[in-house]
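Chemist: What follows is a structure written as C-alpha cells; I'll ask about it next.
The values are calculated or read from the model by the stated rules, or taken from the named source; none is laboratory data. Computed from a predicted structure; not experimentally measured. With ideal geometry, Cβ positions are generated from the backbone for all residues, glycine too; neighbour counts draw on all protein chains shown. Accessible surface areas use protein heavy atoms only, side chains included; no ligands, DNA or RNA. Shrake-Rupley method; radii C 1.70, N 1.55, O 1.52, S 1.80 Å.
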Amino acid sequence: MAVKKSVAAALLLAAAALAVFLLRPRTPDFGRLRGGKDFNVILITVDTLRADKLGCYGSPRVKTPAMDAFAAAGIRYENCIAQTPLTLPSHTTIMTGTLPIHHGVRDNGGFVVPSELVTMAEAFKARGYETAAFVAAYVLDAKWGLDQGFDTYFDKFDLSRFERISLGEVQRPANEVIDEAIGWFDGKKDGKFFAWIHLYDPHTPYEPPEPFLSEYPQSPYLGEIAYTDSQIARFWDHLGRAGLRDNLFLVLAADHGESLGEHDEGTHGFFIYQAALHVPLIFVTPFPDLRGVTSAETVALADVLPTVCEMAGLAVPAGVQGRSLVPSFFRPSAAPERLAYAESFYPRYHYGWSELKSVQDGRYKLIIAPVPELYDLDRDPGEEKNLVYLEKGVFEDLTARAEALMAEAGRGALEVDLGKVDEETREKLAALGYVGSFTDSSKLQGKKLADPKDKIGVFNELTKARETGLGGDPDAAILAISAIIAEDPTIADAHFALGNVFNKARRFEEAVAAFKRSLELKPDDAFAVINVAASYQAMGRFDEAETFVLDHIASGFEDAQLYFLLGNIQVHGGAPEKAVPYFEKCLEMNPRSASAHNGLAAVYLNREAEGDLALAEEHLSAAAAINPTLLSLRYNTAQLREKQGRLAEAAGLYLQELEDAPKTHKALFNLSRVYRQMGREDDELVMLKKTIEVEPDFPVAYFYLARIHLGRGQDYEGAIALVQKGIALKPVPSELPLGYFLLADLYNRVGDNARSEEYARKGRAATEAAKARAKG
C-alpha cells in the first residue's frame, strides 16, 4: 500500500512538473511576434520637447492626446536621456546609435555627420526598404550629412529671406512637414518603407497658431507642444484611413528638452541639467501584448537605433554603442542599471569656456565641470543641492565609471573634418551673421577654462543684446555688448556679435574693427575673416578686402575657404578674370570643393571667349557630382542652358530654383528674360513685377518693365517714371545705355523732342564709355 502511494505521489509530481513546463511563459521573442514579416517603420522626433511637459509623463497643464495615445498603445520609457541638448548632434546619436564622443558631431553648424557611420536609413535601405525624411529645420539640412541612406530628403530651406540669423530660426511649421509627408505616403502604392518625420515647433520662438495661442496665453511653449500634438494626430489619422497602421512600428522621441529658465538658462544648449536632457521615448507596435507598458530604467537616445533594428529584424551596424531595449518590452525595468552619458561643448566652441559632461544612473547624476556637481535625482529632481562634498564615495565611484565609459566610447572615435561644409554655405552663413563652431577648439587644450555656471549671466546678457540688435535697436545692442566686452574682453563671440550689429547698422568701419578683434582672439575663425572682407566690400574697398585676406593667409592660416573668398572678392569687384586663379587654388587645396567649381563656371558663363561655355559645363558637372544641392548650382546651370539657347530647360531650372528660394531676385529677373526670348510677354511682365517686389533696388528690372509699356503703346508717363527710378538706382555702366535710349524713345512718343535728343546723346555717350571700359 505504501509503495502504491509513493508511486502515485511521484506520478502527481511528474504531472505537475510537466504542466508547469508546458504552461510556463515563453522566453520573450520579438521575432516570434513579428512572424517573419517585414514591418514598416516611422520615426517621429519632436525638437525641444521636455518629457515632463506631456500628459503621459504627468503634466496636467497641456493637452497631448495623440502622444498620450501612443504611450497607452505602446512601450513608454520614463527616464530617457538625450546625449546632448543640441539638434544636429542629438539626431546624429539617434540615427547612428553612437555617442558624441565617437561620432564627433558636437554642435549645430560646422559639423558634418561622418560618412563612415552607418545610419538608420542606410540599414533599412540595405534591406530593400524605401526611405524618406521630412525635416523642419535648417540645422538638419542635407548639407550636414544626415541624408545618408535616404531616397527622399525633404529640406529645401531658403536662406535668401534672412538678413541675419540664428541657425535655429530657419524652420518650417509642423503642418507643412506633415503635408509633405502625407503627400509622400499618398504616392506610395506598395513596398516596405522607413520614414523619419522631424517637427520643430516647440523650439524658440514660441509662436503657436490659434487656437493654441489663446488656450495657453501664459505658456506659449505648451501651446507649441499642443499644436505639434494636433499635427501628429492628423498624420496618425491619415495613416489609419490609408490602412497603414496594422503593419507599422512607430517610434516617438525628442532630441532634447528645454530649460525654461531653470538654473537661469532660458532655452537649451548651454547646460546639461535634466530639463534639457530628459526626453520622451515611446515605441508603438500593433501587438496587443505590448500595449501600455512602462519601464522606469534609465535609457538613452543612443538605444533607439539598435532597438529599431532588432524590432525590424535588421542586423545592428558595427560600432553601435547603444543597446537594444527590446528585452525590456517584455520585462520592464529588469535590466541592470547603467550609466547614461550627456555633454555640451557649446560653451567651449562659442565662448572658450569649459565644456560640460555628465553621467547618471537610476539615482545619482555627476556633472563633470571645473567645479563638479553631484545630485540625488530621487530626492532632488531640480538639481539644486550639490552633494560632491557630502557623498564623497558616490562622487568617486561615478567619476571612475565616467572615465571608463568615456575612454571606451572614445576608442576609435572619428576625426571630424571641420572643412567639410562647402565654402559657399560657410560664406552665406557668415554673411547672415551666424556665429558657428567652425573654429578648432583643440587649441584650448591645456588652458584653464571658465566654468559655464559662473558665466550664465554673461551668456544671457549677450544673447539678449544680439536679439535687441536683430530686432532693430542697434544702439541699445551696441551699448549692451560693449559693456560685456568691458567686463570680459576675451569673449571672441561678443566682439563678433558687435561686428554683426555694426554691420546691420551699416557702420562698416566699426564692424571691421570689431571683427578684427574677434579674429585676434580666434585667429582660425574663417567667419570673422569673411565678415571683415564683406565690410570692406560694402564700402567699395575691394583692394583692401583682398589685401586683408592675403595678409591673413600669409600669417599662417592658409585655408581653401579663404581662396574661395578671394575669388568672390574679385567677382564682386568687377574683375572676374582675377578670380580664376583664386578659385583654382581653392580646388588645389580642396579638390572636392563644389563651390570653387561653381565659381569658375560662373566666370566662364559671363565671358565671350570660344570654349567658355564648354568650360562652364565641365565645372558645373563637376560641382553637381560633388554636391548636387549647392546653393547656386541650379541657378548657374539655368544660365548656361539659356546661353545655349535651350530656353525651355532654362525656364524649368529657374522655376525649380524659385520653388526652393522664392525671393531670389536674380532668378526672377533671369526668368523674365527667358520668357522675353520665348515671346511670352505676359509671363515676362509677371516676373518683372515680382523681381521689383522682392528687390525694389534692382535698376534694370524697371527698364524692362518700361520697355513692355513702350512696346504696347501704354502709359508712357508711367514708363518714363519707371526708367527714371531705375537710373536713380545707379545701374552698372553696361546697363545705363538701355535706360537712356528708352527715355529717348518714350519722350519722342509723348512729343518732347528736346528731351528725346538729350537722352539719345546720353545713351550714345554711355555706350562708348561702356565699350572703353570693357577694352581697358
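Chemist: Please specify each residue of the range 124-146 satisfying the condition of being modelled with pLDDT of 95 or more and open to solvent by 10 Å² or more (accessible area, probe 1.4 Å).
Modeler: 125, 126, 127, 128, 130
Chemist: Being among the charged types (D, E, K, R), in contact with a Phe, Trp or Tyr (Cβ under 9 Å, 6 or more places away or on another chain) and either open to solvent by 100 Å² or more (accessible area, probe 1.4 Å) or modelled with pLDDT under 95 (or both) is the filter here, so list the residues in the range 379-393 that pass it. Let's see the steps before the verdict.
Modeler: First, the residues of the range 379-393 that are among the charged types (D, E, K, R): 379-380, 383-385, 391-392.
From what's left, in contact with a Phe, Trp or Tyr (Cβ under 9 Å, 6 or more places away or on another chain): 383-385, 391.
Within the range 379-393, 384, 385 meet the criteria.
Chemist: Next question. Suppose we keep only residues that are touching a His at 6+ places or on another chain (Cβ under 9 Å) and of a type in the set (Val, Ile, Thr) within the range 448-486. Which one would you say is nearest to residue 350 (Cα to Cα)?
Modeler: 456
Chemist: Let me ask something else. Output the number of the condition that residue 663 fails; it satisfies all remaining conditions of (1) surrounded by 16 or more Cβ atoms within 10 Å (Cβ to Cβ); (2) in a helix (DSSP H, G or I).
Modeler: Result: residue 663 fails condition (2) only.
Chemist: Also, I was wondering about something else. Out of the range 208-219, which residues are in a helix (DSSP H, G or I) and polar (S, T, N, Q)?
Modeler: Of everything in the range 208-219, just one residue is in a helix (DSSP H, G or I) and polar (S, T, N, Q), namely 214.
Chemist: So in the range 178-202, with the set limited to residues that are acidic (Asp, Glu) and within 19 Å of the chain's Cα centre (by Cα), which one is most open to solvent (accessible area, probe 1.4 Å)?
Modeler: The first filter runs over the range 178-202 and keeps only residues acidic (Asp, Glu), leaving 179-180, 186, 190, 201.
Right, trim to within 19 Å of the chain's Cα centre (by Cα) and you get 180, 201.
Numbers: 180: 78, 201: 11 Å².
So, considering only residues that are acidic (Asp, Glu) and within 19 Å of the chain's Cα centre (by Cα), the one most open to solvent (accessible area, probe 1.4 Å) is 180.
Chemist: Continuing with the same structure: Being assigned to a helix (DSSP H, G or I) and either surrounded by 21 or more Cβ atoms within 10 Å (Cβ to Cβ) or more than 30 Å from the chain's Cα centre (by Cα) (or both) is the filter here; which residues of the range 619-633 pass it? Walk me through it before giving the result.
Modeler: Step one: list which residues in the range 619-633 are assigned to a helix (DSSP H, G or I), which gives 619-626, 633.
Answer for the range 619-633, where residues must be assigned to a helix (DSSP H, G or I) and either surrounded by 21 or more Cβ atoms within 10 Å (Cβ to Cβ) or more than 30 Å from the chain's Cα centre (by Cα) (or both): 619, 620, 623, 633.
Chemist: Kindly indicate whether any position in the range 33-46 is part of a helix (DSSP H, G or I) and touching a helix residue (DSSP H, G or I) at 6+ places or on another chain (Cβ under 6 Å). Write out each step before concluding.
Modeler: Within the range 33-46, the subset part of a helix (DSSP H, G or I) is 33-34.
In the following step, the residues that additionally are touching a helix residue (DSSP H, G or I) at 6+ places or on another chain (Cβ under 6 Å) were identified as none.
Checked against the condition, which is being part of a helix (DSSP H, G or I) and touching a helix residue (DSSP H, G or I) at 6+ places or on another chain (Cβ under 6 Å), the range 33-46 yields no hits at all.
Chemist: Could you give me the residue pairs with C-beta distances under 8 Å whose first residue belongs to the range 211-223 and is open to solvent by 30 Å² or more (accessible area, probe 1.4 Å), whose second residue is among the small types (Gly, Ala, Ser) wherever it lies, and which are 6+ apart or on separate chains?
Modeler: Within 8 Å, the pairs are 212/223; 212/226; 212/230; 213/223; 215/223; 215/226.
Chemist: Oh, and also: Could you list, in sequence order, all residues of the range 677-699 that are of a type in the set (Gly, Ala, Ser) and in contact with a Pro (Cβ under 7 Å, 6 or more places away or on another chain)?
Modeler: Taking the range 677-699 and keeping what is of a type in the set (Gly, Ala, Ser), we get 679.
Correct list: empty.
Chemist: What number of residues within the range 613-651 are more than 20 Å from residue 153 (Cβ to Cβ) and among the β-branched types (Val, Ile, Thr)? Steps first, please.
Modeler: If we filter the range 613-651 for residues that are more than 20 Å from residue 153 (Cβ to Cβ), which is where we start, we get 613-622, 635-651.
Narrowing further to those that are among the β-branched types (Val, Ile, Thr): 637.
Matching residues across the range 613-651 total 1.
Chemist: May I pose another question? Does residue 401 meet the test of being more than 33 Å from the chain's Cα centre (by Cα) and touching a residue at least 60 places away in the same chain (Cβ under 8 Å)?
Modeler: On the way: more than 33 Å from the chain's Cα centre (by Cα): yes; touching a residue at least 60 places away in the same chain (Cβ under 8 Å): yes.
Considered against the rule, which asks whether it is more than 33 Å from the chain's Cα centre (by Cα) and touching a residue at least 60 places away in the same chain (Cβ under 8 Å), residue 401 comes out as yes.
Chemist: Hey, can you tell me all the residues within the range 755-776 that are out of contact with any Ser or Thr (no Cβ under 8 Å at 6 or more places or on another chain), open to solvent by less than 50 Å² (accessible area, probe 1.4 Å) and under 20 Å from residue 731 (Cβ atoms)?
Modeler: 759, 760, 763, 766, 767, 769
Chemist: For the range 506-560, give me each residue that is touching a Leu at 6+ places or on another chain (Cβ under 9 Å), of a type in the set (Phe, Trp, Tyr) and either open to solvent by 10 Å² or more (accessible area, probe 1.4 Å) or closer than 19 Å to residue 478 by Cα (or both).
Modeler: Within the range 506-560, 515 is the sole residue that qualifies.
Chemist: In addition: Quick test for you: out of 121, 72, pick the one residue that is touching a residue at least 12 places away in the same chain (Cβ under 8 Å), part of a helix (DSSP H, G or I) and either open to solvent by less than 20 Å² (accessible area, probe 1.4 Å) or under 20 Å from residue 405 (Cβ atoms) (or both).
Modeler: Working: 72 fails: either open to solvent by less than 20 Å² (accessible area, probe 1.4 Å) or under 20 Å from residue 405 (Cβ atoms) (or both).
Going through 121, 72 in turn, just one is touching a residue at least 12 places away in the same chain (Cβ under 8 Å), part of a helix (DSSP H, G or I) and either open to solvent by less than 20 Å² (accessible area, probe 1.4 Å) or under 20 Å from residue 405 (Cβ atoms) (or both): 121.
Residues are listed down the side, and each one gets a yes or a no for (1) more than 24 Å from residue 130 (Cβ to Cβ); (2) not in a loop (DSSP other than H, G, I, E, B):
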position	(1), (2)
191	no, no
197	no, yes
206	yes, no
221	yes, yes
229	yes, yes
243	no, no
259	yes, no
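Chemist: Hey, can you tell me all the residues within the range 249-308 that are more than 18 Å from residue 47 (Cβ to Cβ) and polar (S, T, N, Q)?
Modeler: 285, 294, 295, 298, 307
Chemist: Just to verify a result, which residue in the range 708-724, among those that are touching a residue at least 24 places away in the same chain (Cβ under 8 Å) and surrounded by 14 or more Cβ atoms within 10 Å (Cβ to Cβ), is farthest from residue 768 (Cα to Cα)?
Modeler: This residue is 716.
Chemist: Mind listing just one residue for me: the one in the range 483-510 that is in contact with a helix residue (DSSP H, G or I) (Cβ under 7 Å, 6 or more places away or on another chain) and at pLDDT 95 or above and, of those, nearest to residue 457 (Cα to Cα)?
Modeler: 510
Chemist: In this structure, is residue 332 of a type outside the set (Val, Ile, Thr), in contact (Cβ under 8 Å) with a residue 12 or more places away in the chain and open to solvent by 30 Å² or more (accessible area, probe 1.4 Å)? I'd like the intermediate steps shown before the answer.
Modeler: On the way: of a type outside the set (Val, Ile, Thr): yes; in contact (Cβ under 8 Å) with a residue 12 or more places away in the chain: yes; open to solvent by 30 Å² or more (accessible area, probe 1.4 Å): yes.
Considered against the rule, which asks whether it is of a type outside the set (Val, Ile, Thr), in contact (Cβ under 8 Å) with a residue 12 or more places away in the chain and open to solvent by 30 Å² or more (accessible area, probe 1.4 Å), residue 332 comes out as yes.
Chemist: Identify all residues within the range 725-754 that are surrounded by fewer than 16 Cβ atoms within 10 Å (Cβ to Cβ) and either of a type in the set (A, V, I, L, M, F, W, C) or part of a helix (DSSP H, G or I) (or both); write none if there are none.
Modeler: Hits for the range 725-754 are 728, 729, 732, 749, 750, 753, 754.
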